[in-house]
Amino acid sequence: MKQFIKNTARLLDTAARSATAVDQISQKTDFDLEEAYAIQKESIGYRLERGEQLTGYKLGFTSKAKMEQMGVHEIIWGRLTDKMHIRNGGNLDLSSFIHPRVEPEIAFLIKKKITEPLASENVKDYIKGVAGALEIIDSRYQNFKFSLEDVIADNCSSSAYVLGEWKDIDTAFENIGIRLIIDGKYVQTGRSSAILGNPLDALVEITRILSKNQIEIQAGAIILAGAATSAEYLQKGCHVEGGFDGLGTVELKVN
Ligand code: OOG
Ligand code: MG
């Protein structure tokens, strides 16, 4: 493997572990999407070597709000591990992060192994549950600024996630109201349909992308469909609540 991929993967892994921002890679070196995903895979590989377990996948930039906030207009994907999971109502220790932001998402729980691209008509047969979720993104780059290749290499900024209670897949989630509330204030409001018109299509999209990459989605995997609204910075001591009509609430305390 190219030394550049290994070195960059190590750099980003160390940046995450030490909660220290690094310069954007693309400012010094030109690299392409394939190399960006190779860096991501290698970098997550270091986590797996340390005993972390892969728990699923995330999509990014599946809503206009997110594309416009970050200036990136392509759908991206990253990997989730068990160490990133924070229980509903749990704590996030700010000192382990660089400049974390929170965003409300829809999560799916996979019922049976997916090995091929699925269509909107049959994707529900593969889903066990749906839940509201919060994703905590923490770009390892200075000032949360990056190119498309930079953010992919950096596992799409993913750093933690909180899941609400799993609901039956027949529960309405396609076009529900979503609120992000920090310390009792509504800071973002939106609808789940902001995610590709229907969050289910995010799932269809990831089956297409992952099967092209010869990656199977295992039963029990979690898929984060991408944020429905812009993300908000987390401050020490704040309380975050995601409200999802019909799916309940997801909470996080920051200390
Ligand atoms: C990149 C990750 C985007 C989403 O839900 O759209 C993402 C970022 O904004 O830093 O997770
Ligand atoms: Mg996200």
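The values are calculated or read from the model by the stated rules, or taken from the named source; none is laboratory data. All values reported here derive from a predicted model rather than from experimental measurement. All Cβ positions, even for glycine, are placed from backbone atoms using ideal geometry, and neighbour counts span all protein chains on display. Remember, those area values only see protein heavy atoms, side chains included, never the ligands or the DNA or RNA. Shrake-Rupley method; radii C 1.70, N 1.55, O 1.52, S 1.80 Å.
Just need a number here: residues in the range 201-236 that are within 16 Å of ligand 1 (Cβ to nearest atom) and closer than 20 Å to residue 125 by Cα. Before the answer, list the steps.
Of all residues in the range 201-236, those within 16 Å of ligand 1 (Cβ to nearest atom) come to 201-203, 205-206, 209, 222-234.
Still in the list and also closer than 20 Å to residue 125 by Cα: 201-203, 205-206, 209, 222-225.
So the answer is 10.
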Between 17, 87, which is on the phi < 0 side of the Ramachandran plot, surrounded by fewer than 17 Cβ atoms within 10 Å (Cβ to Cβ) and without any contact (Cβ under 8 Å) to a residue 40 or more places away in the chain?
17
Residue satisfying all of: in the range 50-103; assigned to a strand (DSSP E or B) and among the small types (Gly, Ala, Ser); nearest to residue 205 (Cα to Cα) among these
60
Look at the range 64-84 and say how many of its residues are in contact (Cβ under 8 Å) with a residue 40 or more places away in the chain and under 13 Å from the mean Cα position of the chain (by Cα).
8
Is there any pair with a first residue in the range 46-61 that is closer than 11 Å to residue 83 by Cα and within 16 Å of ligand 2 (Cβ to nearest atom) and a second that is open to solvent by less than 10 Å² (accessible area, probe 1.4 Å) and in a strand (DSSP E or B) whose Cβ atoms are under 8 Å apart and which are 6 or more apart or on different chains, and what are they?
55/80; 55/81
Is it the case, given these coordinates, that residue 79 is within 16 Å of ligand 2 (Cβ to nearest atom) and under 23 Å from residue 241 (Cα atoms)?
no
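Taking the conditions exactly as written (more than 24 Å from residue 93 (Cα to Cα), under 17 Å from the mean Cα position of the chain (by Cα) and open to solvent by 60 Å² or more (accessible area, probe 1.4 Å)), does residue 196 satisfy them or not? Talk me through it step by step, then tell me what you get.
On the way: more than 24 Å from residue 93 (Cα to Cα): yes; under 17 Å from the mean Cα position of the chain (by Cα): yes; open to solvent by 60 Å² or more (accessible area, probe 1.4 Å): yes.
Spelling it out, residue 196 is indeed more than 24 Å from residue 93 (Cα to Cα), under 17 Å from the mean Cα position of the chain (by Cα) and open to solvent by 60 Å² or more (accessible area, probe 1.4 Å).
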